[in-house]
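The values are calculated or read from the model by the stated rules, or taken from the named source; none is laboratory data. Predicted model, so just to flag it, every value in this text is computed and none were measured. Please note: Cβ atoms are built from the backbone with ideal geometry, for glycine as well, and neighbour counts cover all protein chains shown. Ligands, DNA and RNA are excluded from the accessible area calculation, which covers all protein heavy atoms including side chains. Shrake-Rupley method; radii C 1.70, N 1.55, O 1.52, S 1.80 Å.
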Amino acid sequence: MLRELVFTQHMMFHLGAHLATPRTAASDSKAARTAFPPGAAETLEKWIDRMQCELPKITTFVLPGGPQPANAALHLARTICRRAERLITPLYKAGDVEDGAYAFSNRLSDYFFVASRYVNLITGVPDVTWDKTVVPSSM
């Protein structure tokens with residue numbers, strides 16, 4: 001997983017350069033230098049699929065958590081990526097972001113969610129799922 005996380009960091013730097021160079025205003029040479037590498041979203045999908053094959057199916061919401069600091073960091077990364085995706089969406093709709101970069105931003109938060117569940121799995125910690133019956137009067 002460490003190799004995957006290093007890869008995602010490299011891709012996030014590519015994404016940052018890409019976002020700093022709006023496609024609709026960039027010269028051809030700048031757009032070419034900051035083009036987002038093809039295949040990054042597909043790489044994340046492959047890793048997500050590999051981990052999900054080992055994870056139990058979920059039928060309800062999973063609460064963020066687990067005893068490992070890595071798990072907390074992965075959940076934090078997931079929420080930050082989801083927020084960033086919402087900010088990137090208008091840029092994508094305006095034509096300033098390539099399809100591959102937008103797809104990567106979408107899949108990255110999913111990767112972090114699945115990776116956090118995978119960390120729990122390999123450390124023997126079960127997922128904690130949302131229990132709708134937990135309300136203030138039950139405490």
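Per DSSP helix of 4 or more residues, -39500 (n - 2.57); summed, then divided by the residues of the chain. What does that give at 222 nm, rounded to the nearest 500?
Value at 222 nm, helices only, nearest 500: -21500 deg cm²/dmol.
Would you work out the relative contact order for the chain, in percent, from Cα pairs under 8 angstrom that are 6 or more residues apart? Present the calculation step by step, with values, prior to reporting the outcome.
Numbers: 133 pairs, mean separation 45.6, N = 139.
Relative contact order of the chain: 33 percent.
Sort Cys53, Cys81 by accessible area with a 1.4 Å probe, largest first. The partial results should precede the final answer.
Details: Cys53 115, Cys81 20 Å².
Reading off the accessible areas and sorting them downward yields Cys53, Cys81.
Quote the accessible area belonging to Thr59 in square angstrom, nearest 10, computed with a 1.4 Å probe and with ligands, DNA and RNA left uncounted.
Accessible area, nearest 10 Å²: 140 Å².
Leaving out ligands, DNA and RNA but keeping every protein chain, what accessible area does Val128 have, in Å² rounded to the nearest 10, with a 1.4 Å probe?
Looks like 90 Å² after rounding.
How about the range 84-139: which chymotrypsin sites (Phe, Trp or Tyr not before Pro) there are in a DSSP loop, with at most 10 other Cβ atoms within 10 Å of their Cβ?
Values: sites: Tyr92, Tyr102, Phe104, Tyr111, Phe112, Phe113, Tyr118, Trp130; in loops: Trp130.
Those satisfying the criteria are Trp130.
Accessible area per residue of the chain at 1.4 Å probe, in Å²?
Details: 8620 Å² over 139 residues.
Result: 62 Å² per residue.
Where Lys and Arg each count +1 and Asp and Glu each count -1, what net charge lies around Ala115 among other residues with Cβ under 9 Å from its Cβ?
Values: positive: Arg78, Arg117; negative: Glu4.
Value of the local net charge: +1.
Let me know the shape class of the chain, please: from the alpha-carbon gyration tensor, a ≥ b ≥ c as square roots of the eigenvalues, rounded when a/c is under 1.5, otherwise prolate if a/b is greater than b/c, or oblate. Don't jump to the answer; show the numbers that get you there.
Numbers: a/c = 2.85, a/b = 1.94, b/c = 1.46.
Taking the square roots of the gyration eigenvalues as a ≥ b ≥ c, the chain is prolate.
Leaving ligands, DNA and RNA out of it, report the carbon-plus-sulfur percent of the accessible area of the chain at a 1.4 Å probe.
Details: 5390 of 8620 Å².
Carbon with sulfur: 63 percent of the solvent-accessible area.
List the DSSP H helices in the chain whose Cα atoms stretch 30 Å or more along the helix axis and whose mean Kyte-Doolittle hydropathy is at least 0.5.
Details: long enough: 69-93 (36 Å, -0.09); 99-122 (34 Å, 0.19).
Span-like helices here: none at all.
Please arrange Arg50, Arg107, Arg33, Arg86 by accessible surface area, largest first, computed with a 1.4 Å probe and ligands excluded. Can you show the working numbers first?
On the way: Arg50 100, Arg107 55, Arg33 170, Arg86 150 Å².
Order by accessible area, largest first: Arg33, Arg86, Arg50, Arg107.
Using only protein heavy atoms and a 1.4 Å probe, report how much of Met12 is accessible, in Å² to the nearest 10.
70 Å²
Counting alpha carbon pairs within less than 8 Å and at least 6 residues apart, what relative contact order, in whole percent, applies to the range 1-76?
Working: 22 pairs, mean separation 14.5, N = 76.
Value for the range 1-76: 19 percent.
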